[in-house]
Amino acid sequence: MADTRRALITGITGQDGGHLAELLHEKGYEVYGLIRGQHNPRRESVAVEMPYVRLIEGDLTDPTSLVRAVETSDPDELYNLAAVSHVGYSFKNPTLTADVTAKGVLNVLEAVRITGRAERTRVYQASTSEMFGGLDYNRPGAGYNENSLFHPRSPYGVAKLYGHWIAKNYRESYGMFVACGILFNHEGERRGVEFVTRKITHAVARIKLGLQPDIELGDLWPKRDWGYAGDFVEGMWRMLQHSVPDDFVLATGETHSIEEFLTLAFAEIGIEDWRPYVRQNPEFMRPAEVDILLGDPTKAEQELGWRRKVDFPGLVSRMVAHDLATQSAAASIASA
Ligand code: NAP
Ligand code: G4F
């Protein structure tokens, strides 16, 4: 019994929380998940899809709830994935973003420290490529790495930078094992439909099935280094198994525009020219944009033995296939 490792995941209802819970369960961990809200509509799907997860109620903005969560789960590993994570939303809700995505990290670290677990519990902090900002002056040709300059371009990016630095500060000040994963965009079947990749694949499936005529998007030129979420959570786990706490970039080393994503996604349903199906709406444009993100994952590859498995065409293909299957099943139920 004493050998069973225990993990606490904040953000259990999110994309990465789902993939990570599955991975840790397969590895034999006892998995705990922090869930917020009096009536969280996603509680039911966690209970159905991941019945092995023990849910603990709590919120990143409520320090006492985090202390209780840490005491209840007594984790060997704590993965702090919870955040206000949508960049566009963060412009509209900047104070909430600071409270959750920045100060929430401090609350998590303090919960570990003041419960006397500074030496026991290894912490993963979900840092992000949004901290780099993609501006010409600080854009390295070979891609951003762990030593690149930061210049966040959104309330989300700024909040994440605070989280990144307070995590490093607790590592240096209290000798805590806190690893920061600087992750580039990762997507998949579990991605929320508010993010551009899933918004596209979901719409493409519905257009194919005659359930909607077109899709409204914002800017189409930005480029992202898009990988598969299932590959990336494996990297998170590896960071906490490493001999020392450190920062690691996880990325594919390729960058593609939204237009390229559209081309591949529509090709999956036999449409060569996506333009007649896409309308641009300023509502989905941001006050400041990150034009291009490209990561250099060399350090993670060399020190952690991590490597992405799913490539860009493979990612688009599996997302469209998933949405075609789920949308057509939903349509048949509705018409029965
Ligand atoms: P996600 O799907 O948006 O999930 C965010 C999670 O945070 C949800 O479970 C949400 O719970 C929870 N949450 C929000 N506010 C909370 C609060 N006040 N207290 C407790 N939980 C709260 O995000 P993701 O894509 O899985 O990403 C996981 C983490 O990695 C995030 O921190 C994100 O910023 C970071 N990241 C993501 C990417 C990427 O490409 N996916 C890249 C780099 C970094 P509810 O269900 O209750 O809303
Ligand atoms: O899919 P997105 O919303 O992802 P974004 O902004 O790159 O952020 C994601 O990745 C970060 C890592 O770099 C994470 F830290 C963060 O939590 C999140 O997971 O937007 C991607 C691009 C942007 O340039 C956006 O302006 O797509 C553009 N876009 C164009 N039309 C759109 C839309 N984005 C969204 N969400 N919705 C649109 O209609």
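Readers should treat all values here as calculations from the given coordinates under stated rules, not as data from a laboratory. Just so you know, these numbers come straight off a predicted model, no measurement behind them. Cβ coordinates were reconstructed from backbone atoms using ideal geometry, including for glycine residues, and neighbour counts include every protein chain displayed.
Taking DSSP loops as anything outside H, G, I, E and B, show the longest stretch in the chain free of trypsin sites (Lys or Arg not before Pro) there with at most 11 other beta carbons within 10 Å. In short, 28-308. Of interest is the spacing of the C-alpha centroids, which for region 288-336 and region 88-124 amounts to 27 Å.
Restricting attention to the chain, close to 5% of DSSP beta bridges with both partner residues there are antiparallel.
Per-residue Karplus couplings for region 245-259, computed as 6.51 cos²θ - 1.76 cosθ + 1.60 with θ equal to phi - 60°, are listed in order as x, 7, 9, 9, 7, 10, 7, 9, x, 10, 10, 9, 7, 4, 4 Hz, Gly and Pro entered as x. Comparing G37, G235, G181 in a Gaussian network model of the chain, where Cα atoms under 10 Å apart are tied by springs, the biggest mean-square fluctuation is seen for G37. Normalised by the number of residues in the chain, the mean separation of alpha-carbon contacts (under 8 Å, six or more apart) gives a relative contact order of 17 percent.
In order along region 31-37, the Karplus-derived 3J(HN,Hα) couplings, from 6.51 cos²θ - 1.76 cosθ + 1.60 at θ = phi - 60°, round to 10, 10, x, 8, 10, 10, x Hz, and Gly and Pro are given as x. A Förster radius of 41 Å, combined with the Cβ-Cβ distance separating R275 from E71, puts the computed FRET efficiency at roughly 0.15.
Neighbour counts of C-beta atoms inside 10 Å place D291, D3, D214 in the sequence D3, D214, D291, starting with the fewest.
Short-range pairs are left out: with C-alpha atoms under 8 Å and at least six residues apart, the relative contact order of region 35-128 is 33 percent.
With a threshold of 27 Å on the Cα-Cα distance, the over-threshold entries among K223/K309; K199/K309; K168/K223; K199/K223; K27/K309; K27/K299 are K168/K223. Taking amide H as placed 1.01 Å from N in the peptide plane, the amide H of G253 sits under 5 Å from that of G295, each at least 5 places away or on another chain. Segment F284..E44, full-extension length gain: 83.4 nm, with 0.36 nm per residue of separation and the alpha-carbon distance subtracted.
Considering only P51, P75, P152, the Gaussian network model of the chain with Cα springs below 10 Å gives its largest mean-square fluctuation to P51. When the alpha carbon gyration tensor of the chain is reduced to an equivalent ellipsoid, the three semi-axes, largest first, read 32, 24, 19 Å.
Under the combined filter of DSSP loop state and at most 13 neighbouring Cβ atoms within 10 Å, region 28-97 retains these chymotrypsin sites (Phe, Trp or Tyr not before Pro): Y52. Highest GNM mean-square fluctuation among S90, S257, S148, for the chain modelled with Cα contacts below 10 Å: S148. Rounded to the nearest 10 degrees, the angle from helix 229-241 to the longest Cα principal axis of the chain is 20 degrees. Counting neighbouring Cβ atoms within 10 Å and putting the fewest first, the residues W274, W221, W226 line up as W221, W274, W226.
Annotation: amide H-H contacts under 5 Å for E57 (H modelled 1.01 Å from N, sequence separation of 5 or more, or interchain): I35. Less than 5 angstrom separates the built amide H of R122 from those of E77, L78, all sequence-distant by 5 or more or on a different chain.
Arranged from fewest to most other beta-carbon atoms within 10 Å of their beta carbon, E22, E303 become E303, E22.
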